[in-house]
Every structure is written in C-alpha cells, then in structure tokens.
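Peer 1: I have a structure I would like to understand better, so I am pasting it below and will then ask my questions one at a time.
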Amino acid sequence: MEDSVATNQTQPLVLFDHVTKRFGPTTAVDSISLQIFEGEFLSIMGPSGCGKTTTLRMLAGLEEPSEGEIQLAGERINNVTVSERDTPMVWQSLALFPFLNVIKNVEFGLKMRGVSATERHQRALDWLERLEIVDFADREISQLSGGQQQRVALARSLVTEPRILLLDEPLSALDANLVVRMQGVLTKLQKELGITFVYVTHRQSEAFAMSDRVVIMNQGRIEQIDSAKGIYRNPATRFVAEFVGSNNILTGAVTSVDGLIEIDTPAGRFKCASSTDHEWSIGDTTSLVISADLVRLSTSTANDTNEMECRFISEEFVGSIVTVLAETPDGADFRIQLQQRELSELDLKVGAAVYVRWDSHDAHLLRNTA
C-alpha cells in the first residue's frame, strides 16, 4: 500500500524499492516499498512473523535483500557492510558488553573508529550526562537496573552521532512504568537531535505514543502507512481494523448511496457518512468499522438510525476505563468503552438488554474486506 501521509521532503533518507527477503522457501518480506524521511520517528508494527524485524535487519546490513533495492541518502546499500552504513541498532537484548563498565561500553564504537582516548571519554561522559546516568559511569553493567541498562545502550548507539538509529523492541523487557518513562526519554531525544528513528515494536501503545508515522505489516507486506490517528480512526484494511485499537466490524452489502451509505448486515441496517475518496455502488460488499470508544450505551432505545439492541455479556475493568462486551442480534461480539462511573450508573446485570448507538460520521467503511 502506498504511503498516505504527505511530506514536504522530496528526497527520502531511506528508500525500500520493491524489497523482498526469502529464507529458503519462506518469504519473510514480500516486495515492500517504503520511504523514510530525515528527522522522523517511524515505527514498524505487526504480529510476530510479519517481517518487521527482517525489514530492520536489512536496513542495518544484517540481512541482504533477495530482490529489490535499499538506498540510504540516495546510495544503494544492498551490499554495503554493517560497519560502513552508520546505522547503529539498539537491540531487544541490549547486547551490552558485561566485561566492560558503563563508560567503556559507551566508548566502544568510538574506539573502533579510531577516536582518541581523551575525546571518546569526554564524548561518552557527555552522553551519559544527557541520559542522566553519568553517576553510574564506573559501574559494572550487572549493577544497573533494566532502565539504566537501556540508557547505556542508547548512549552507546548515539555517541557516534549517526543520521539514523534503528531500535528493535528495545523496551520489551522493561516493567510497564519504566516503558512509559523511556518512551518520554526516546521522544525527547529524537526531537532534540533530529536523528531519524526507525523503531520496531508489537506494542500499539509504544508506536502510537512516539511516532510521526506508523507502518503496519502483515505476512511480509505493508498494509498501511499513516499517522497514529490516521491508522486508528481510518484503518485501510480489515487486518488493520482488527489489529489496531478495539474496533467493531460489521460486514454487509451496500443498499443505498443516497447521501449516507446504507449497509445491510446480519445485525441490522446501518448508515455511514460517504467517503470522499471512493465511489460506492448498490450491492458492493464492505465492512463497517466502529471504534469501541465512539459507541454509546444505554438501557433504553432512542430509535436512532445507528442503534442496535444487544445483550450484556461481561465487562473488563482497566483503571477508570471499562470495556463492555455485548452480543449482537446475530450472536457476534460488540465492544463498548466507557468510564467506570458511566457503567456504574447503568447498573447492568448479565443477560440484560442494552442498546448501542453511534453517529454516522463516527463509522468507517473499508474498501477492502479481505
């Protein structure tokens, strides 16, 4: 799928041009085309085995494309060695050297480049101070917490001042509170430095909180590229709609295109505001996507256009937000996200009749229901 976000930069820093990677009979990455621009924070997200890490490894030089071309700053780099690319990576395992202390770990890349001992020591200290761990410069790696080790790994990668930094699930081993803190550290650093970050993760919260654009991959292909908001509110495919957020999907056929688009589904007939970029015809098969946080819930009917009587099944309590699970007339699951106080006021019992409704402009039609 083509990138749907416009940019005022005409020349990308990184270009994937119909890149494929095979491992024997298995195609890990299937003819992807992608532009990454200087100074942006781009995240690649998808389920396990979707090709996101292989894509990152090809950019790092750890894997060679089977087909297609990768360019960095306008130069073809398919066969350029890792050491010649200047594309450092922060690994999921961090890959710090346990036999070196903190400052020696940070100095390592500069030492390999022949930087003098005095200069590399000072540059390493500067980065440790920037990442607020200069007091740990002489400690052994084993004496640091997970969050502190993460900062050392970042300092080691950034001390060489690269144009691009690759990050492969770097926060996956941290506790939830540390993840949020490190998200702030990464975002602040990236904006201050203007370095391009390419970040691989399976966590939606990480990608959406930090990124300028998000790439959603599935089975080696790119499903959608957009801002976090664009992907969340306007998924391009059924896979994206199911993978991202907490979406309800009702599939049916178009029965009217007069003003609002009317869809006949097994759960009932509903209307959606017309999409400006697609012409609909009567009989078209489509899916109506309604985000759970845009659905209203009550115990009485309002006779709205987009209203459905359901049966209350259960609730999932997460902090102040509750996800209510209801059963539609055709037996499918339907999710509604509410504030805890809103649900308490309804005083629902399992099996009770409830009414869900949403605005026509809050629903999204999928052009591709595959």
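The values are calculated or read from the model by the stated rules, or taken from the named source; none is laboratory data. Fair warning: this is a prediction, and the values are worked out from it, not measured in the lab. Neighbour counts are summed over all protein chains in view; Cβ atoms, including those assigned to glycine, are modelled from backbone coordinates with ideal geometry.
Peer 1: If a residue has to be at pLDDT 90 or above, within 22 Å of residue 112 (Cα to Cα) and either out of contact with any Gly (no Cβ under 8 Å at 6 or more places or on another chain) or not assigned by TED's automatic domain parsing to the domain that holds residue 20 (or both) to count, how many in region 73-94 make the cut?
Peer 2: Going through region 73-94 one residue at a time, the tally reaches 1.
Peer 1: Looking at the structure I just gave you, is residue 294 of a type outside the set (Phe, Trp, Tyr) and either surrounded by fewer than 16 Cβ atoms within 10 Å (Cβ to Cβ) or out of contact with any Cys (no Cβ under 7 Å at 6 or more places or on another chain) (or both)?
Peer 2: Numbers: of a type outside the set (Phe, Trp, Tyr): yes; either surrounded by fewer than 16 Cβ atoms within 10 Å (Cβ to Cβ) or out of contact with any Cys (no Cβ under 7 Å at 6 or more places or on another chain) (or both): yes.
Judged against the criteria, residue 294 is a match.
Peer 1: Restricting to region 219-263, count the residues that are farther than 29 Å from residue 28 by Cα and among the aliphatic types (A, V, I, L, M).
Peer 2: Pass one, region 219-263, residues farther than 29 Å from residue 28 by Cα: 248, 250-263.
Okay, now just the ones that are also among the aliphatic types (A, V, I, L, M), so 250, 253-254, 257, 260-261, 263.
Counting residues in region 219-263 that are farther than 29 Å from residue 28 by Cα and among the aliphatic types (A, V, I, L, M) gives 7.
Peer 1: Can you pull out every residue in region 165-189 that is closer than 29 Å to residue 30 by Cβ, out of contact with any Asp or Glu (no Cβ under 8 Å at 6 or more places or on another chain) and crowded, with 19+ Cβ neighbours inside 10 Å? Outline the logic, then answer.
Peer 2: Filtering region 165-189 down to residues closer than 29 Å to residue 30 by Cβ leaves 165-172.
Right, trim to out of contact with any Asp or Glu (no Cβ under 8 Å at 6 or more places or on another chain) and you get 165-170, 172.
Hits for region 165-189 are 165, 166, 167, 168, 169, 170.
Peer 1: Still on this structure: Of these, 155, 117, 137, which one is in the same structural domain as residue 85 (by TED's automatic domain parsing) and within 30 Å of residue 49 (Cα to Cα)? Walk me through it before giving the result.
Peer 2: Values: 117 fails: within 30 Å of residue 49 (Cα to Cα); 137 fails: within 30 Å of residue 49 (Cα to Cα).
Exactly one of 155, 117, 137 is in the same structural domain as residue 85 (by TED's automatic domain parsing) and within 30 Å of residue 49 (Cα to Cα), namely 155.
Peer 1: Something else about it: Taking the condition of being modelled with pLDDT of 90 or more and more than 11 Å from residue 312 (Cβ to Cβ), how many residues in region 343-365 meet it?
Peer 2: 9
Peer 1: With (1) part of a strand (DSSP E or B); (2) of a type outside the set (Ser, Thr, Tyr); (3) in contact with a Ser or Thr (Cβ under 7 Å, 6 or more places away or on another chain) as the list, and residue 282 as the residue in question, which single condition is left unmet?
Peer 2: (1) is the only condition that residue 282 fails.
Peer 1: Name the pairs: first residue in region 256-273 and in contact (Cβ under 8 Å) with a residue 12 or more places away in the chain, second residue in a loop (DSSP other than H, G, I, E, B) and of a type in the set (Phe, Trp, Tyr), Cβ to Cβ under 8 Å, at least 6 apart or on different chains?
Peer 2: Close Cβ pairs (under 8 Å, with a partner that is in a loop (DSSP other than H, G, I, E, B) and of a type in the set (Phe, Trp, Tyr)) amount to 257/280; 261/280.
Peer 1: Additional query: Within region 111-125, is there a residue that is of a type outside the set (S, T, N, Q), in a loop (DSSP other than H, G, I, E, B) and touching a residue at least 12 places away in the same chain (Cβ under 8 Å)? Spell out how you get there, then give the answer.
Peer 2: From region 111-125, those of a type outside the set (S, T, N, Q) are 111-115, 117, 119-121, 123-125; that's our starting set.
Now drop any that are not in a loop (DSSP other than H, G, I, E, B), which leaves 113-115.
Those still in the list that are touching a residue at least 12 places away in the same chain (Cβ under 8 Å) too: 113.
Within region 111-125, one or more residues are of a type outside the set (S, T, N, Q), in a loop (DSSP other than H, G, I, E, B) and touching a residue at least 12 places away in the same chain (Cβ under 8 Å).
Peer 1: Quick check on this structure: which one of 240, 215 is in contact with an Asp or Glu (Cβ under 6 Å, 6 or more places away or on another chain) and buried (at least 21 other Cβ atoms within 10 Å of the Cβ)?
Peer 2: Values: 215 fails: in contact with an Asp or Glu (Cβ under 6 Å, 6 or more places away or on another chain).
Only one candidate qualifies: 240.
Peer 1: From the list 87, 10, 27, exactly one residue is without any contact (Cβ under 8 Å) to a residue 12 or more places away in the chain and either buried (at least 16 other Cβ atoms within 10 Å of the Cβ) or not in a helix (DSSP H, G or I) (or both). Which is it? Please lay out each step first, then the result.
Peer 2: Working: 87 fails: without any contact (Cβ under 8 Å) to a residue 12 or more places away in the chain; 27 fails: without any contact (Cβ under 8 Å) to a residue 12 or more places away in the chain.
Residue meeting the stated conditions: 10.
Peer 1: Give the residues of region 296-337 that are in a strand (DSSP E or B), touching a residue at least 24 places away in the same chain (Cβ under 8 Å) and in contact with a Lys or Arg (Cβ under 9 Å, 6 or more places away or on another chain), sorted by residue number.
Peer 2: 296, 297, 298, 307, 308, 312, 323, 324, 326, 336
Peer 1: Name the residue that is farthest from residue 128 (Cα to Cα), counting only residues in region 160-205 that are among the polar types (S, T, N, Q) and out of contact with any strand residue (DSSP E or B) (no Cβ under 9 Å at 6 or more places or on another chain). Steps first, please.
Peer 2: First, the residues of region 160-205 that are among the polar types (S, T, N, Q): 160, 172, 177, 183, 187, 190, 196, 201, 204-205.
From what is left, the residues that are out of contact with any strand residue (DSSP E or B) (no Cβ under 9 Å at 6 or more places or on another chain) are 160, 177, 183, 205.
Values: 160: 13, 177: 22, 183: 18, 205: 27 Å.
Ranking the candidates gives 205 first.
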